[in-house]
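Right, one structure below, let's go through it.
The values are calculated or read from the model by the stated rules, or taken from the named source; none is laboratory data. Remember, it's a predicted structure, so these values are computed and weren't measured experimentally. We place every Cβ from the backbone using ideal geometry, glycine too, and count neighbours over all the protein chains shown.
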């Protein structure tokens, strides 16, 4: 019979090749942002270009085939744009599209870490928070029938019947009694873990266009992916602001457009309040990320922002990241102000994101510090 | 795991029925496997031991996933070998298993008796294991990267074989003794007084010309366009020992699998015909009929834009049986225009069973369709051709005409739907470049894929490689010199 390690070996090779392809194309994936739309719970579907073996074959222009069933000439086969294959197994034409592979977010983070050479993060603070998990690893004498452990029950009954002399090897019928029954049960295990919260803040004033928001969306996907691989528990919070700030859910975050002015301090104040109220320093690693086009209402407000950062936010955060996306309307001033005040501050990371191509380097800048 | 008693008894019973019906299979060894083992064996193309290669891993991942998602599971697998091996999926219900066992016996009968399988290696399980051992040895010596990369290269070329070559008998020496040489021209031996009639002057001139042509040709290399590109490479490419061995392994396996591709419709049709016949006539209990009908309907299901070889094959075999039972063939039948007479035509010949056995022995999919697909059958089975309509952006039914359907089917089956490629010149431009020729029959090559294949060819030939073809109705020469691709316009001369 087949030796199981054989296919495992080939499977491992396949995975290696896939991984190599993903690594090689990571910059493209980051630029196109198409992965972000294909997320399942713990996996992403990644389209891999051409992993098939090239053979001489006919072009797709003149294909078609033979089908069977009801219908008149000119009727649609009703299969959408994808179109049917070249008559199943007749001919050995494989689809010319690449394949889509499932990659777990952990693995993707690993690949990303290797390719971007990201340092592992040493979680700050103690691992105080404990999560309690139930594991069905115990056995009890009582329980619901649905959790009955057949093997254990059988063994108990066999033991009893042998010891009482009821067991007949020629007619080995085992009948469990009530006392023989064994049931699976759970044990509680608690695991210490380190937690992190990302607070995304974004300027949604009129000058932030769709393209700018798309860039923020792609960045946030990769930041999430990386930080999730570094911390057991990861919270994400979302704050949008124009002249005032409010907390929203992820979906609203990426799809809101306001037309008011811009007061960045409003967002920083709200973020600070959330951190102070819900994420005590000892238990949480805090990552505020702020994205804007660099326009702020007034010099006074900018001054206030700097004060909040210096006195409130920075002491409570692992690092503070500011990404400035370029928009035709923004002055791009804010990053200069930050540079002036915190240029030599280790935990303040600034990145200018001119266009999609810059996402790759920007992520490297943000996450490259290992804080 | 070998068969548990109840399956073994079932197998014995079905085998007996199959033999009674006249099926003549190899001895068949059944094993029961769980789905993980089944997926693994299927990933290896049916063989438990193959050479190591990533594509088996890819195959496995896809099979495992579609099983987990409940999209599909493999019911049966059977290997052309003597004895034959077949695998049953553990946990299938008994009617499933009966269906599979009967189906398998018909496949094995087909392997054993169909002419196109007659040259296949019947000890292929051993041979595959042997291939695996050889490749593993090369992996140990040269590393997996290098070996796997070269296997990829060879696989790119594995459809460049001549599916007919196993059957070609080279001209025997006896023929040549019929001729004798006079003034360097072959003459047919004849008595003196007959000589000028048997070997007239014109004939001798013709022979002379033929000789000249031959001489001309023998300076070319190869002298005739060679369809077995893989063999040409084996014989003439500068290959290291291990490279040549791997190329020959891939070629041998390609030839082994070829008849299964050549007879897909017939083989599945034959197996489906017999599983239905054996089960419904002899094996099933009344209580099992509904389950069987359910399974069978799944196997026979058709969907738009897909041709189901099981369905087409079984219907065609049944149609043949019916026609030969009723004598609906031959000159008289063909020439009859009287619809009513045709509808009620029955000469009560009862030759149906004999005829389908004859067909399974002598035909392959192409000849099967070519000879037995009838206008009535196409209409009755609602076959149609389809294509992509650019205007509407939809896949649409193109035609329900008999001729169109038949031609499309034959087109797809010819050369397995692969383009015809020949080696035309192994010393192209007198620079030891390789020139391939695409025999254009109305459909263009996919140029992207062609580039990939040229790269693989270059890896083997180690000198620039070229292929001539027709593209946009103009002659084109696609070349690869190891670093760059070029394309130039040429005069395309069909060969």
Does residue B:293 meet the test of being within 34 Å of the chain's Cα centre (by Cα) and free of Cβ contacts under 8 Å to residues at least 40 places away in the same chain? yes
With criteria (1) over 23 Å from the mean Cα position of the chain (by Cα); (2) modelled with pLDDT of 85 or more; (3) away from chain A (no Cβ under 14 Å), residue B:106 comes up short on (1)
Does segment B:368-391 hold any residues that are farther than 13 Å from residue A:73 by Cβ and surrounded by fewer than 17 Cβ atoms within 10 Å (Cβ to Cβ), and which are they? B:370, B:371, B:375, B:376, B:379, B:380, B:390, B:391
Of the criteria (1) at pLDDT 95 or above; (2) in contact with a helix residue (DSSP H, G or I) (Cβ under 9 Å, 6 or more places away or on another chain), which one residue B:452 fails: (1)
Residue check for residue B:443: in contact with a strand residue (DSSP E or B) (Cβ under 7 Å, 6 or more places away or on another chain), closer than 22 Å to residue B:162 by Cα and within 9 Å of another protein chain (Cβ to nearest Cβ): yes
Test for residue A:196: is it surrounded by 19 or more Cβ atoms within 10 Å (Cβ to Cβ) and under 29 Å from the mean Cα position of the chain (by Cα): yes
Within segment A:1-56, which residues are modelled with pLDDT under 75, surrounded by 16 or more Cβ atoms within 10 Å (Cβ to Cβ) and outside the structural domain of residue A:112 (by TED's automatic domain parsing)? A:2
Criterion: closer than 27 Å to residue A:116 by Cβ and buried (at least 20 other Cβ atoms within 10 Å of the Cβ) - qualifying residue of A:321, A:305: A:321
Considering each of B:263, B:302 in turn, give the residue that is under 30 Å from residue B:422 (Cα atoms) and crowded, with 16+ Cβ neighbours inside 10 Å. B:263
Looking at residue A:235, is it over 20 Å from residue A:366 (Cα atoms) and not assigned by TED's automatic domain parsing to the domain that holds residue A:106? no
Please determine, by comparing only the residues of segment B:136-166 that are more than 9 Å from chain A (Cβ to nearest Cβ) and under 13 Å from the mean Cα position of the chain (by Cα), which one is nearest to residue B:453 (Cα to Cα). B:161
Are there helices (runs of 4 or more DSSP H) fully within segment B:1-73 with at least 1 residues that are closer than 22 Å to residue B:130 by Cα? List them. B:35-43, B:54-68
Going residue by residue through segment B:40-63, is there one that turns out to be away from chain A (no Cβ under 13 Å) and more than 23 Å from residue B:256 (Cα to Cα)? no
What do you reckon, is residue A:86 in a loop (DSSP other than H, G, I, E, B), at pLDDT below 70, loosely packed, with under 13 Cβ neighbours inside 10 Å and at the interface with chain B (Cβ under 7 Å from one of its Cβ atoms)? no
Residue A:185 vs. criteria modelled with pLDDT under 90 and in the same structural domain as residue A:145 (by TED's automatic domain parsing): yes
Does residue A:208 satisfy being under 29 Å from residue A:247 (Cα atoms), part of a loop (DSSP other than H, G, I, E, B), assigned by TED's automatic domain parsing to the domain that holds residue A:226 and at pLDDT 75 or above? yes
Of the candidates B:315, B:268, B:288, the one satisfying the condition of being surrounded by fewer than 22 Cβ atoms within 10 Å (Cβ to Cβ), closer than 30 Å to residue B:396 by Cβ, in contact (Cβ under 8 Å) with a residue 40 or more places away in the chain and not assigned by TED's automatic domain parsing to the domain that holds residue B:147 is B:315
